């Protein structure tokens, strides 16, 4: 591969990152507009909180540790988010009868509304993505998958290294 081709790939990668950021902002605004249209008054204003609701909805009953692991976030972060979601009556905290030590979460009726809206949006986006993928041959899809796996592994490694460096600095 020539240096020019590598430069073009890198430039497209950077452009993709920027476009993805813009698209995420637009989709977030669309999600909030749709929620407002469906009379969802109390709605978290950030996607991480909405994804915590989705995680709880898919796996309830679930505890802090399991949410943190599934979402790759710290337990402290999940504790803060779940406290706000509980306060907003989107999730309910409870303990199992055979385990009074552990706190679990489930969705309230309001939380279920947010969860169902979020799932519907994701399903629509997933179908659109599959339609787009169908424009590539099976061989091209294999190359795309190989590339995305390698890129994801590399970014995961970089984040882990960075987290290790930050932990050492503390």
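The table that follows gives values for the structure above.
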item	result
The listed residue being touching a helix residue (DSSP H, G or I) at 6+ places or on another chain (Cβ under 7 Å) and without any contact (Cβ under 8 Å) to a residue 12 or more places away in the chain, out of 123, 80, 75	75
Residue 128 being exposed (fewer than 12 other Cβ atoms within 10 Å of the Cβ) and either in the same structural domain as residue 31 (by TED's automatic domain parsing) or not in a strand (DSSP E or B) (or both)	yes
Residues of the range 26-78 that turn out to be farther than 16 Å from residue 122 by Cβ and at pLDDT 80 or above, as a count	18
Matching residues, the range 69-87, being surrounded by 15 or more Cβ atoms within 10 Å (Cβ to Cβ) and farther than 17 Å from residue 46 by Cα	70
Top-ranked residue of the range 88-124 - restricted to ones that are out of contact with any strand residue (DSSP E or B) (no Cβ under 8 Å at 6 or more places or on another chain) and exposed (fewer than 11 other Cβ atoms within 10 Å of the Cβ), ranked as farthest from residue 43 (Cα to Cα)	98
Residue check, residue 150 over 30 Å from residue 29 (Cα atoms) and either surrounded by 11 or more Cβ atoms within 10 Å (Cβ to Cβ) or outside the structural domain of residue 57 (by TED's automatic domain parsing) (or both)	yes
Test set (1) in the same structural domain as residue 49 (by TED's automatic domain parsing); (2) closer than 23 Å to residue 75 by Cα; (3) part of a helix (DSSP H, G or I) - residue 159 fails condition number	(1)
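The values are calculated or read from the model by the stated rules, or taken from the named source; none is laboratory data. From a predicted model like this one, the values you see are computed outputs, not experimental measurements. For neighbour counting, all protein chains shown are included, and Cβ atoms are generated from backbone atoms with ideal geometry for every residue, glycine included.
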